[in-house]
Amino acid sequence: MPATVMDGTALAAEIRAGVAREVSELGHVGLATVLVGDDPASHVYISLKHKAAVEAGIDARDVRLPQDASEGDVLALVDELNRDDEIDGVLVQLPLPAQIEETRVTYAVAPQKDVDGIHPVNAGNLYLGTPLHVPATPAGCMELLAAHGIDPAGEEAIVLGRSEIVGRPVAMLLLQAHATVTMCHSRTQDLASHVRRGDIVVAAVGVPGIVTPEMVKPGAAVLDVGLTRTEAGIRGDVDPAVAEVAGHLTPMPGGTGPMTIAMLLRSSVKAARFRRGVLAYPSL
Ligand code: GUN
């Protein structure tokens, strides 16, 4: 029997409707997205994020800097947004142009406003099991599992990829949900032997079709985060034929992507609550 489709578009719509209700209760939620340069994929992502934020009633500021902006320009902008009382959340789209050191920018965003959950204070709290802001894509993966009644506790979870924005944080969230977590990456030997153990598999390496049906345990829940634009169209890390073996599978597109946007909006509401003191953010 083919896998149950984990429909991210439908779940994201529910979450976005909930966010819209919370925004109207709060009265005002401000989100600034910052796009530096002309990376075409980033332009698409930022437009989608901005449009979704506006639809949820968020006061969304779409700030853009040119490709040749200096690190100082970006840091000055981030500083301004940190001090702006109208702004609850700040997201600087990655990657940044080569002349800008990403870590400096990541460190510069005020931790309370870091809706991306990548400031070391937020990353560190996730590592410690006391999450504050959490990266949106991993949070979306956990929501998709929960919505399908998949409890990671005691399950074997296999994560492919160790990026700061997906692999590491999703491994931490799965660990916090009491899964037994294995992280696989470019130096992993015999990837298939690891993936085959997985009750839950999260693929986030950007290698089209790297997860094949032979590698998947029958009945496993497989979440595809990899996205590669090929001449034949958008391809995920998971071979679509995995649907014949898996118990649950995210479609590509329409799975984890829409969830990323929905969870960013939810993070913006959380940031507004942090800033109003409705939710506690530890003082630093
Ligand atoms: N680039 C690709 N994904 C992301 C994301 O989730 N956040 C940011 N800031 N940049 C990205």
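Read-outs: derived from the displayed coordinates by stated rules, not from any lab. What you see is a predicted model; the values in this text were computed from it and never measured. Ideal geometry is used to build each Cβ from the backbone, glycine not excepted, and the neighbour counts take in all protein chains shown.
Just how large is the dipole of the stretch 100-197 about the Cα centre, in debye to the nearest 20, putting +1 at every Lys and Arg Cβ and -1 at every Asp and Glu Cβ? Intermediate results must be reported in sequence, preceding the final value.
Numbers: 7 positive and 10 negative charges, 38 e Å.
Around 180 debye, computed over the stretch 100-197.
Going by the alpha-carbon gyration tensor, a ≥ b ≥ c the square roots of its eigenvalues, is the stretch 133-175 rounded (a/c under 1.5) or, if a/c is not under 1.5, prolate (a/b greater than b/c) versus oblate? Walk me through the intermediate numbers first.
Values: a/c = 2.18, a/b = 1.33, b/c = 1.64.
Oblate.
Counting only Cβ charges, +1 for Lys and Arg and -1 for Asp and Glu, the dipole size of the chain around its Cα centre is about 440 debye.
Look at the dipole of the chain built from charges on Cβ: of A17, Q99, V44, the Cα furthest out on the positive end belongs to A17.
Electrostatic tally near V242: other residues with Cβ closer than 14 Å to its Cβ, Lys and Arg +1, Asp and Glu -1, net -2. Using only alpha carbons, the stretch 1-102 has a radius of gyration to Kirkwood radius ratio (Rg to Rh) of 1.07.
Between the C-alpha center of the stretch 191-209 and that of the stretch 100-130 there is a gap of 27 Å.
So if R0 is 41 Å, what FRET efficiency would T103 and A13 give, r being the distance between their Cβ atoms, rounded to the nearest 0.05?
Numbers: r = 35 Å, r/R0 = 0.85.
Once the sixth-power term is evaluated, E becomes 0.70.
Positive contributions from Lys and Arg (+1) and negative ones from Asp and Glu (-1), summed over other residues with Cβ under 10 Å from the Cβ of I100, come out at -3.
For L26, what charge total do you get from the other residues with a beta carbon under 12 Å from its beta carbon, if Lys and Arg give +1 and Asp and Glu give -1? Could you put the intermediate results ahead of the total?
Numbers: positive: R21, K270, R273, R275, R276; negative: E22, E25, D59, D88.
Taking every Cβ under 12 Å from that of L26, the sum is +1.
Mean residue ellipticity, 222 nm, helices only, the chain: the sum of -39500 (n - 2.57) across DSSP H runs of n ≥ 4, divided by residue count and rounded to 500, is -12500 deg cm²/dmol.
Given the Cα atoms of the chain, and with Rh set as the inverse mean 1/r over their pairs in the Kirkwood sense, what is Rg to Rh to two decimals?
Working: Rg = 18.6 Å, Rh = 19.3 Å.
A ratio of 0.97.
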